[in-house]
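The values are calculated or read from the model by the stated rules, or taken from the named source; none is laboratory data. Small disclaimer: the values here were computed from a predicted structure and weren't measured. Cβ: placed from backbone, ideal geometry, glycine included. Neighbour counts: every protein chain shown.
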Amino acid sequence: MSPFKPTAGAVSMASRLAGASTPLDARIIKNGIDPATYRYKLHFNHLISSARVSCAREVFDQMPEKDIVSFNRILSGYSRSGNVTSAEDLFRTADQRNLRTWTIMMSILAADGRGSDAVSLFRDMLREGEAPDRVAVSTVLNVPGCDVLSLHPFVTKLGFGTSTVVCNTLLDAYCKQGLIAAARRVFLEMPERDTVTYNAMMMGCSKEGLHREALQLFSAMRRAGLDASQFTFSSMLTVATGMVDLHLGRQIHGLFVRATSAHDVFVNNALLDFYSKCDCLDDLKHLFLEMPERDNVSYNVMISAYAWNRCAGMVLQLFRKMQKIGFDRRTLPYASLLSVAGSLPHIGIGKQIQAQLVVLGLTSEYLVGNALIDMYSKCGMLDTAKIIFVKKREKTSISWTAMLTGCVQNGQHEEALELFCDMRRIGLRPDRATCSSIMKASSGLAMIEIGRQLHSYFTKSGHMSSVFSGSALLDMYGKCGCLDEALRTFDEMPEKNSITWNAVISAYSHYGQAKNAIRMFESMIDCGLYPDSVTFLSVLAACSHSGLAEECMKYFDLMKYYYSISPWKEHYSCVIDTLGRAGYFDKVQKVLDEMPFEDDPIIWSSILHSCRIHGNKDLAIMAAKKLFIMTPTDATPYVILSNIYAKDGNWEEAARVKKIMRDRGVRKESGKSWVEIKRKVYTFSSNDQTNPMIADIKAELERLYKEMDKLGYEPDASCALHLVDDELKLESLKYHSERLAIAFALINTPPGTPIRIMKNLSTCLDCHAAIKMISKIVDRDIIVRDSRRFHHFKDGVCCCGDYW
């Protein structure tokens with residue numbers, strides 16, 4: 001760095017100050033201070049107070065005598081103006097430093113996001129023999145990501161273990177890093193506790209999902225006679241939100257109104273967030289309109305709430321209102337709006353927002369960059385998200401998690417695992433959001449061994465104490481076909497929130513255990529938790545998988561009329577699927593008429609599958625024609641309609657549909673199955689000849705077929721609807737992809753080991769019947785996860801009850 005050179009104006013000004021003739025203050029004479037130095041300080045203090053830091057620096061450099069107080073003031077001025085480079089230059093060239101100097105510089109580095117540099121500076125200060133006071137200690141403990149475990153003994157050694165201020169900061173640091181057990185020890189050992197102590201501990205518990213403990217702390221705080229602050233109410237609303245407890249939230253709302261003037265925008269924003277998370281749009285809108293003061297956060301919460309409820313019109317209306325009111329365009333909630341565009345998903349809105357960011361020069365902003373990655377990923381434009389990620393100069397764990405999550409959302413599970421490994425390789429520490437996403441990658445691949453490795457890693461890193469990480473683990477075991485391990489994880493969790501309950505209900509749903517899913521739903525209600533949209537989606541899916549049409553309509557009505565939750569399109573899809581599979585096509589039409597959404601391919605595919613089950617040819621033709629328009633490249637409707645004709649013996653029409661399919665260039669997706677053995681995945685297609693062990697695999701299948709014949713197995717030729725003779729039909733069934741995968745697993749795994757198979761299509765009737773018999777013959781659990789659900793075969797029986 002070149003030395004600081006004062007401007008000509010500063011030199012002239014300094015000369016005038018030095019030679020000015022003004023009445024001397026009596027203190028100058030009494031203390032023997034040089035008059036010129038005194039005048040310099042007067043002018044310097046005036047410039048600093050006026051936030052004219054550059055001019056103050058010029059005067060400072062011309063002072064005949066520089067003192068540490070003036071030095072610290074200019075360092076503080078650089079801190080307030082955000083001029084970190086000048087602050088570092090000044091600090092580096094200082095002839096003398098005191099404790100205040102070191103503390104200011106640590107704060108500057110921490111505010112600039114350079115936590116490790118701030119901690120290093122603290123250690124440098126100690127090496128130079130400067131003893132810290134409680135302000136310096138609190139400053140370093142407030143540094144994000146500081147090694148609080150190593151700093152704690154040092155704090156005690158310095159004698160600050162009884163200081164309420166320092167202990168509060170220490171406790172808060174533990175809580176922010178998710179180390180609740182350590183925070184709890186600090187809390188219990190404190191000789192005195194104040195409102196700040198309880199607030200920090202309550203917020204730490206609520207962030208980790210320990211909501212009941214947070215409630216107990218709130219009660220203890222009130223018994224101790226301590227007044228609740230705005231942070232107390234905010235913490236308790238976080239608890240109520242986490243528990244999705246509408247009654248508790250309204251009680252806290254009432255306490256807030258009685259304790260204050262209810263004009264605090266910080267608490268009102270927390271209330272908005274609570275009502276939005278409970279899907280109480282009427283309460284939310286009423287509170288928003290009554291708020292005497294609204295800020296960016298207020299609008300941000302409203303925008304997010306309407307986005308979650310798929311109200312795109314209200315989202316854009318609120319954004320335009322923010323622009324008209326006159327909020328600084330550079331401070332508008334662009335990150336939230338990009339999240340909205342992704343959640344809808346609406347790439348048009350996302351690109352418009354990005355265009356505004358380009359005009360304002362905000363595309364390189366940290367939060368905006370991460371939000372762009374998230375938005376493009378959710379809109380299915382993963383390649384664009386990758387380009388933004390690669391170009392980001394500063395990549396934190398949040399950036400990596402956003403990209404990793406995008407890969408998971410787009411089915412790129414293996415790439416997500418590679419990103420996770422790269423993230424660890426460069427030394428970034430995954431957080432609980434990373435934990436949740438990478439668990440989803442494992443479950444997406446149904447690779448249980450990788451899932452168990454991740455479980456071990458996150459346990460060692462301390463993340464599994466979090467209710468959110470525990471819920472992600474539960475969900476992973478459920479989706480990998482390990483229902484027993486999922487239930488064990490659920491039972492062992494000390495604290496459960498609505499996400500936990502949703503995960504266990506979903507696990508039962510995937511297994512077709514609707515009665516257990518409903519039992520868990522009722523237990524969740526008994527625990528005082530309110531179900532949300534996701535809860536009801538899992539319950540309705542469970543009813544669909546088990547053919548419980550009456551129960552499905554009961555819970556659909558409960559959601560709409562008792563809990564006042566507006567159904568998503570996915571809820572209507574579940575109801576239509578359940579009614580259609582039960583053969584209630586008149587009720588299906590009624591739901592279609594009442595649905596406030598446009599029908600989509602998922603709904604008509606569900607109707608087409610129902611028509612296949614019940615032989616409703618007329619409705620099947622209508623559904624197939626709609627799908628030909630909606631999804632022209634999808635072979636499924638052509639294949640199903642052709643099979644319906646073939647099953648009816650109308651081979652001419654079946655051939656005509658297949659000809660249309662060929663003429664349009666539509667290709668049927670090949671059936672594939674894969675199995676994980678010793679951390680390696682093996683893939684099979686129907687009648688696959690590529691595996692080196694194919695001869696052994698076929699020999700194993702032939703051995704099994706002989707045993708199956710003894711048990712009365714009769715192949716179902718209707719599952720091979722081809723214009724070929726019966727012998728060739730039966731031959732084609734013998735080597736379906738899941739059978740090859742099962743035989744390979746039987747050869748390469750120890751007796752008694754469960755076999756887990758993934759399949760990209762739905763399992764056919766004949767394979768289902770065959771695998772039931774194989775499970776009995778080999779005395780093994782065989783879990784097949786097809787495109788719709790899990791089939792757990794054991795002792796010749798499937799968990800689906802032959803209904804899927």
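What to note about this one:
- Per-region count, the range 431-463, residues touching an Asp or Glu at 6+ places or on another chain (Cβ under 7 Å), surrounded by fewer than 22 Cβ atoms within 10 Å (Cβ to Cβ) and not in a helix (DSSP H, G or I): 0
- Residues located in the range 144-188, provided they are among the polar types (S, T, N, Q) and surrounded by 21 or more Cβ atoms within 10 Å (Cβ to Cβ): Asn168, Thr169
- Restricted to the range 45-67, and to residues there that are in contact with a Ser or Thr (Cβ under 7 Å, 6 or more places away or on another chain) and assigned to a helix (DSSP H, G or I), the residue that is surrounded by the fewest Cβ atoms within 10 Å (Cβ to Cβ) is Glu58.
- Considering the range 194-224, and only residues there that are among the basic types (Lys, Arg) and either under 14 Å from Thr241 (Cβ atoms) or touching a residue at least 12 places away in the same chain (Cβ under 8 Å) (or both), the residue that is surrounded by the fewest Cβ atoms within 10 Å (Cβ to Cβ) turns out to be Arg212.
- Any hit, the range 383-398, residues being within 30 Å of Phe597 (Cβ to Cβ) and touching a Gly at 6+ places or on another chain (Cβ under 8 Å): yes
- Remark: pairs (first residue in the range 91-116, in a loop (DSSP other than H, G, I, E, B); second residue surrounded by fewer than 20 Cβ atoms within 10 Å (Cβ to Cβ); Cβ separation under 6 Å; 6+ apart in sequence or on different chains) = Gln96/Ile68; Asn98/Ile68; Asp112/Val84.
- The range 465-485, residues that are over 19 Å from Lys207 (Cα atoms) and either assigned by TED's automatic domain parsing to the domain that holds Lys759 or outside any helix (DSSP H, G or I) (or both): Cys480, Gly481, Cys482
- Residue among Thr753, Thr763, Thr749 that alone is at pLDDT below 95, out of contact with any Ser or Thr (no Cβ under 6 Å at 6 or more places or on another chain), farther than 19 Å from Asn643 by Cα and among the β-branched types (Val, Ile, Thr): Thr753
- With respect to the stated conditions, Met423 fails to be part of a helix (DSSP H, G or I), assigned by TED's automatic domain parsing to the domain that holds Ser546 and under 17 Å from the mean Cα position of the chain (by Cα).
- Each residue in the range 730-745 was checked for being of a type in the set (D, E, K, R) and buried (at least 24 other Cβ atoms within 10 Å of the Cβ), and 2 of them qualify.
- Residue that is farthest from Arg52 (Cα to Cα), among those in the range 71-121 that are modelled with pLDDT under 80 and among the aromatic types (Phe, Trp, Tyr): Phe71
- Test: residue in the range 314-325 that is of a type in the set (Val, Ile, Thr), in a helix (DSSP H, G or I) and under 26 Å from the mean Cα position of the chain (by Cα): yes
- Just one of the listed residues (Gly350, Gly342, Gly380) is outside any helix (DSSP H, G or I) and within 21 Å of the chain's Cα centre (by Cα), and it is Gly380.
- Subset of the range 617-643 that is of a type in the set (Ser, Thr, Tyr) and in a helix (DSSP H, G or I) - its residue that is farthest from the chain's Cα centre (by Cα): Ser642
- The condition of being closer than 24 Å to Pro494 by Cα, in contact with a Gly (Cβ under 8 Å, 6 or more places away or on another chain) and hydroxyl-bearing (Ser, Thr, Tyr) holds for Tyr174.
- Just one of the listed residues (Ser685, Ser673) is touching a Gly at 6+ places or on another chain (Cβ under 9 Å) and at pLDDT 90 or above, and it is Ser685.
- Entry remark, the range 206-253: residues being among the hydrophobic types (A, V, I, L, M, F, W, C) and either under 14 Å from Tyr530 (Cα atoms) or not in a helix (DSSP H, G or I) (or both) number 10 in total.
- Subset of the range 553-605 [outside any loop (DSSP other than H, G, I, E, B) and of a type in the set (D, E, K, R)]: Lys554, Asp557, Lys560, Lys569, Glu570, Asp577, Arg581, Asp586, Lys587, Lys590, Asp593, Glu594
- Top-ranked residue in the range 748-804 [being in a strand (DSSP E or B) and among the charged types (D, E, K, R); ranked as surrounded by the fewest Cβ atoms within 10 Å (Cβ to Cβ)]: Lys794
- Restricting the range 500-530 to residues that are touching a residue at least 60 places away in the same chain (Cβ under 8 Å) and not polar (S, T, N, Q), the residue that is nearest to Asp802 (Cα to Cα) is Gly512.
- Any hit, the range 245-263, residues being under 30 Å from Arg330 (Cα atoms) and over 27 Å from the mean Cα position of the chain (by Cα): yes
- The range 640-696, residues that are in contact (Cβ under 8 Å) with a residue 60 or more places away in the chain, surrounded by fewer than 19 Cβ atoms within 10 Å (Cβ to Cβ) and under 30 Å from Asn616 (Cα atoms): Asn643, Lys647, Trp651, Ala655, Glu669, Lys672
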